[in-house]
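Notes follow the structure.
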Amino acid sequence: MGVVQKVPVYLEKIPGGGLITTSLDAVLNWSRASSLWYLLFGTACCAIEGLMCTGASRYDYDRFGMIFRASPRQADLMIVAGTITNKMAKRVKILYEQMSEPKYVIAMGGCAIRGGPFYYDCYSVLRGVDLVIPVDVYVPGCPPRPESILEGCLKLQQKIKKQKVSDWSKTEKFIPEPK
Amino acid sequence: MMVDSPDRPEPLTGDRNLETEEFVVNMGPQHPSTHGVCRLILTMDGEVIKKVVPDIGFLHRSIEKIAENRTYHQFMIYTDRIDYVSSMNANHAWCVAVEKLAGIEVPERAEYLRVIMAELNRIASHLVFLASFAIDLGAVTPFLYAFRERERIVDLFEMTCGQRLTYNYMRIGGVSKDVPKDFVSETKKFCSYLYPRVDEYEAILTENPIFLGRTKGIGLLDLPTAINYSVSGPPLRGSGLKWDIRKDEPYSAYEKFDFDIPTGENGDTWDRYKVRIEEMRQSARIVEQALEGLPEGGIKAKVPARFRPPQGEAFARIEAPRGEMAYFIVSDGSTKPYRVKIRTASFCNLQALPVMARGWKIADIVAIFGSLDIILPEVDR
Amino acid sequence: MTPEELTSKIKATFAEKVEELPAVTGIPAFKVKPEHLEEVCTTLVSDPELNFDNLPCLGGIDYPETNEIGVVYCLFSFAKRHHLNLRVIMPRDNPEVISVSKFWVAADWFERETAELFGIKFKDHPDPRPLLLIEEWDEGYPMRRDWEGKDFIRMPETGQEK
């Protein structure tokens, strides 16, 4: 019954019984937010900071229930860590489509947000990953510190906890076309 | 006792045709053991690799085009992003090339600081190699160990220049700022902390029978092939050539320090791993010597903000952790370079992968690819 | 061999087939006509005194003012420990030069990259596919200095350039 003590806001224990009552929203959002399995997908510099350093012992994603997955089929979260080129953009879109719902995207670093230092004088870089896939949280920096990416993950958890199950059927699947 | 029944199939004899149909396996561009976005097209015969065709360009960021449109100072931040695992070395290569072009004398203290930073970064880069190589082969513990030590190096860099990954510490003619007061003592502490840790990695991996089975004798690269493919760095030394630009064509202050060049014997995956492990110890030795002899004085030569090197060309190369990194700069006398060609080690090392991987099993390609320590932005630039 | 010895040796071996250029930070540099490149490279590799066994770098260079385009070869010899810089200059309209990947395999990818970004054709290249750009690329040769693309944004002047 450790769960009941830890999450008293969401769960209500029936006296004398082995049952608890709560809303479906609370349980689903709670479980989704605290087991964000992320896709092991880094393209450039941010992969070292956002995936390797933060996954290692000092910063440790595991504290938030985040475990890396090598296959997009098993992942809930895609951390777009690094520059996305036009050649890669198509593949990023395929990867995103392969992930199963519900799925979330964090754009990490200047390159994933708007091209970063490769905005000008560049013939091959996509200027922002949101031109290809919808993004939930932007984490600026070049590269962002591990603390920033953890803050981004916490922001995403807050966002997930505000979701309603009834909204899921209403949301339109908006996937912008690559240019 | 065996009974001969008419249903029994005849035993297989040697003259039957057991060849399987060739098929193609697509590895990447999103694959955890390609360390980024590289696609390998493997033609397989059963489990045996017949042919490997690397498909690159997924991270081609047109850095050479950008270089033509930035001033010499402004381009420094892009060198960080060419080789982000060892940005200090990439900074260093650009500085050495521009200083050669313009004939700038760098103060001795700045040269020493550059050497210290470059060697610390070499250790950090080899630790990232160790972490990813071990995790590719299925050993998770060295990943945690290596990143524990790497964080300490990153702390040293952070206290010097305020960044954790893309340092942008060096400047044309020197370094951007002097090291803080307790940097020297902290770095000395780190060096004495590192030696036993390297022994610890060796205790886990080097003689581990599983590790040996996955690496010893796998992915052989003989020396003439390595030279013809322009392979450099630890893979070249692993093939047995005692060649290190720090020793053979000394730049910066490297001729003042005493260090060994580790070499391998067979040119297999294990040799390349062993060379890197040994290089960590040697780098720590260089850092200790440089800290001991760190001279006082200025840290930056006078270089104007609107810096115009004379018309001409320069070719300079340094020994980065992954191998030889070179810049070919053409100057037309203006504030921007006319043409910059960046020669990176991973580009040439990856090109040799098809030779090394041919004939091995599909599981071995992960070990062979990992032992080359490829960084994809270096390949695609 | 010292750079001076190398310069005189190359001049003596190739006579009028090469033309001396100003040295590249101490490295002897020579201009070779495209039609002589194969012959020069054959000698550079096979001559026991020259013995250039390694090609560290190869890249293109564009001169729109004089309507010329070139390829720079940086050569090195592990056996003899000397450097050499070769240059081939061609007209910009239809540049074509022999591939050197039969002498140094390392040239394979360098030449594919140069062919794709500069539009220089390498004759007899073993694998002349594009290397780096997106598969549907149809905007010409981006590393040429006067290239403009539909997606290409130039950086505004910051004032540090002048």
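The values are calculated or read from the model by the stated rules, or taken from the named source; none is laboratory data. Note that the coordinates shown come from a computational prediction; the quantities given were computed from them, not determined experimentally. Backbone-built Cβ (ideal geometry, glycine too); neighbour counts: all protein chains shown.
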Requested in this report: Name the one entry in B:TYR167, B:TYR145 that is of a type in the set (Ser, Thr, Tyr), within 13 Å of another protein chain (Cβ to nearest Cβ) and under 19 Å from B:ALA290 (Cβ atoms).
Outcome: B:TYR167
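Considering the stretch A:60-87 alone, what residues qualify as being within 19 Å of B:PHE147 (Cα to Cα) and at the interface with chain B (Cβ under 9 Å from one of its Cβ atoms)? Steps first, answer last, please.
Taking the stretch A:60-87 as the starting set, the residues that turn out to be within 19 Å of B:PHE147 (Cα to Cα) are A:60-63, A:66-68, A:81.
Answer for the stretch A:60-87, where residues must be within 19 Å of B:PHE147 (Cα to Cα) and at the interface with chain B (Cβ under 9 Å from one of its Cβ atoms): just A:PHE68.
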Report task. Give the residue that is farthest from B:ILE49 (Cα to Cα), with candidates limited to residues of the stretch B:345-359 that are surrounded by 21 or more Cβ atoms within 10 Å (Cβ to Cβ) and out of contact with any Phe, Trp or Tyr (no Cβ under 7 Å at 6 or more places or on another chain). Result -> B:ALA345
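Mind listing whichever residues of the stretch B:331-375 are over 15 Å from B:ASP136 (Cβ atoms), of a type outside the set (Ser, Thr, Tyr) and assigned to a helix (DSSP H, G or I)? I'd like the intermediate steps shown before the answer.
Taking the stretch B:331-375 first, the residues over 15 Å from B:ASP136 (Cβ atoms) are B:331-352, B:354-356, B:358-359.
Among the residues that remain, those that are also of a type outside the set (Ser, Thr, Tyr) are: B:332-333, B:336-337, B:339-343, B:345, B:347-352, B:354-356, B:358-359.
The answer is B:ALA345, B:PHE347, B:CYS348, B:ASN349, B:LEU350, B:GLN351, B:PRO354, B:VAL355, B:MET356.
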Requested in this report: Return the total of residues in the stretch C:113-136 being surrounded by fewer than 21 Cβ atoms within 10 Å (Cβ to Cβ) and more than 10 Å from chain B (Cβ to nearest Cβ).
Outcome: 8
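State whether the residues of the stretch C:67-75 include one that is away from chain B (no Cβ under 14 Å) and within 30 Å of C:GLU148 (Cβ to Cβ). Break it down into steps so the answer makes sense when it comes.
If we filter the stretch C:67-75 for residues that are away from chain B (no Cβ under 14 Å), which is where we start, we get C:67.
Retained after the next criterion (residues that are within 30 Å of C:GLU148 (Cβ to Cβ)): C:67.
Yes: one or more hits.
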Query raised in the report: Which of the residues spanning the stretch C:47-104 are of a type in the set (S, T, N, Q), in a strand (DSSP E or B) and more than 10 Å from the chain's Cα centre (by Cα)?
Result: C:ASN54, C:SER77
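Residue by residue through the stretch B:339-363, note down the ones that are more than 8 Å from every other protein chain (Cβ to nearest Cβ) and closer than 22 Å to C:GLY26 by Cβ. Please lay out each step first, then the result.
Of the stretch B:339-363, the ones more than 8 Å from every other protein chain (Cβ to nearest Cβ) are B:340, B:342, B:344-346, B:349-350, B:352-363.
Result: B:VAL340, B:ILE342.
Among the candidates A:LYS103, A:LYS90, single out the residue that is surrounded by fewer than 23 Cβ atoms within 10 Å (Cβ to Cβ), within 12 Å of chain C (Cβ to nearest Cβ) and touching a residue at least 24 places away in the same chain (Cβ under 8 Å). Spell out the reasoning first.
Numbers: A:LYS103 fails: within 12 Å of chain C (Cβ to nearest Cβ).
None of the other options fit; the residue is A:LYS90.
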Report summary line: Given the conditions (1) within 16 Å of B:PHE133 (Cβ to Cβ); (2) away from every other protein chain (no Cβ under 14 Å); (3) at pLDDT below 90, every one holds for B:ARG246 apart from (1)
Query raised in the report: If you go through the stretch A:25-59, how many residues are more than 10 Å from chain B (Cβ to nearest Cβ) and farther than 25 Å from A:GLY116 by Cα?
Result: 13
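Give the residues of the stretch B:283-314 that are farther than 25 Å from B:ARG343 by Cα and part of a helix (DSSP H, G or I), sorted by residue number.
Initial filter on the stretch B:283-314 (farther than 25 Å from B:ARG343 by Cα): B:284-306.
Selection gives B:ALA284, B:ARG285, B:ILE286, B:VAL287, B:GLU288, B:GLN289, B:ALA290, B:LEU291, B:GLU292.
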Report summary line: If we ask which residues in the stretch B:263-282 are assigned to a helix (DSSP H, G or I), surrounded by fewer than 23 Cβ atoms within 10 Å (Cβ to Cβ) and of a type outside the set (A, V, I, L, M, F, W, C), their number turns out to be 4
Query raised in the report: Exactly one of (1) within 13 Å of another protein chain (Cβ to nearest Cβ); (2) surrounded by fewer than 24 Cβ atoms within 10 Å (Cβ to Cβ); (3) more than 17 Å from the chain's Cα centre (by Cα) is unmet by B:LEU101. Its number?
Result: (2)
Report task. Being over 14 Å from B:TYR273 (Cβ atoms) and part of a helix (DSSP H, G or I) is the filter; apply it to the stretch B:211-242 and report the residue that is nearest to the chain's Cα centre (by Cα). Result -> B:LEU236
**Report entry** Within the stretch B:119-160, considering residues that are hydroxyl-bearing (Ser, Thr, Tyr) and either in contact with a Gly (Cβ under 8 Å, 6 or more places away or on another chain) or closer than 20 Å to B:PRO180 by Cβ (or both), the one surrounded by the fewest Cβ atoms within 10 Å (Cβ to Cβ)
**Finding:** B:SER132
Report task. Taking the residues in the stretch B:41-94 that are in a loop (DSSP other than H, G, I, E, B) and among the small types (Gly, Ala, Ser) as candidates, determine which candidate is farthest from the other protein chains (Cβ to nearest Cβ). Result -> B:GLY46
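Matching residues to (1) touching a Ser or Thr at 6+ places or on another chain (Cβ under 8 Å); (2) under 19 Å from B:ILE123 (Cβ atoms); (3) without any contact (Cβ under 8 Å) to a residue 60 or more places away in the chain:
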{"position": "B:ALA139", "(1), (2), (3)": "no, no, no"}
{"position": "B:PHE143", "(1), (2), (3)": "yes, yes, yes"}
{"position": "B:VAL154", "(1), (2), (3)": "no, yes, yes"}
{"position": "B:THR166", "(1), (2), (3)": "yes, yes, no"}
{"position": "B:LYS181", "(1), (2), (3)": "no, no, yes"}
{"position": "B:VAL184", "(1), (2), (3)": "no, yes, no"}
{"position": "B:LYS189", "(1), (2), (3)": "no, yes, yes"}
{"position": "B:SER192", "(1), (2), (3)": "no, yes, yes"}
Report summary line: Counted residues in the stretch A:18-56 being closer than 20 Å to A:GLN74 by Cα, in a loop (DSSP other than H, G, I, E, B) and not hydroxyl-bearing (Ser, Thr, Tyr) come to 4
Query raised in the report: Is there a residue in the stretch B:327-342 that is of a type in the set (Asp, Glu) and touching a residue at least 40 places away in the same chain (Cβ under 8 Å)?
Result: no
